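Just so you know, all these numbers are worked out from the coordinates, no wet-lab data involved. Every value quoted in this text rests on a predicted model; they were computed, and no experiment measured them. Backbone-built Cβ (ideal geometry, glycine too); neighbour counts: all protein chains shown.
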Amino acid sequence: MLIKEIYQVSRQQALQLIKKGFVKVNFQTIDQPAFLLEEEDLLSIRGKRAFTNN
């Protein structure tokens, strides 16, 4: 789980962030924990810094 590693949160916290609609990839809200990132995707969580997957 990439969110867990990048943002130093537990798996449960990462799932809650997704369920609450706080996670975006390329400015689109993600609601599926199994979403696959592609190279150059921009991952962001409300209130945290953005991360580019490259």
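Summary table
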item: In the stretch 11-32, residue surrounded by the most Cβ atoms within 10 Å (Cβ to Cβ) [restricted to those that are out of contact with any helix residue (DSSP H, G or I) (no Cβ under 7 Å at 6 or more places or on another chain) and assigned to a loop (DSSP other than H, G, I, E, B)]; result: 22
item: Any pair with Cβ under 8 angstrom, 6 or more apart, that starts in the stretch 30-48 at a residue that is on the phi > 0 side of the Ramachandran plot and ends at one that is part of a loop (DSSP other than H, G, I, E, B); result: 40/53; 40/54; 47/22
item: When residues of the stretch 33-47 are limited to those that are over 10 Å from the mean Cα position of the chain (by Cα), closer than 17 Å to residue 22 by Cα and not hydrophobic (A, V, I, L, M, F, W, C), the one surrounded by the most Cβ atoms within 10 Å (Cβ to Cβ); result: 41
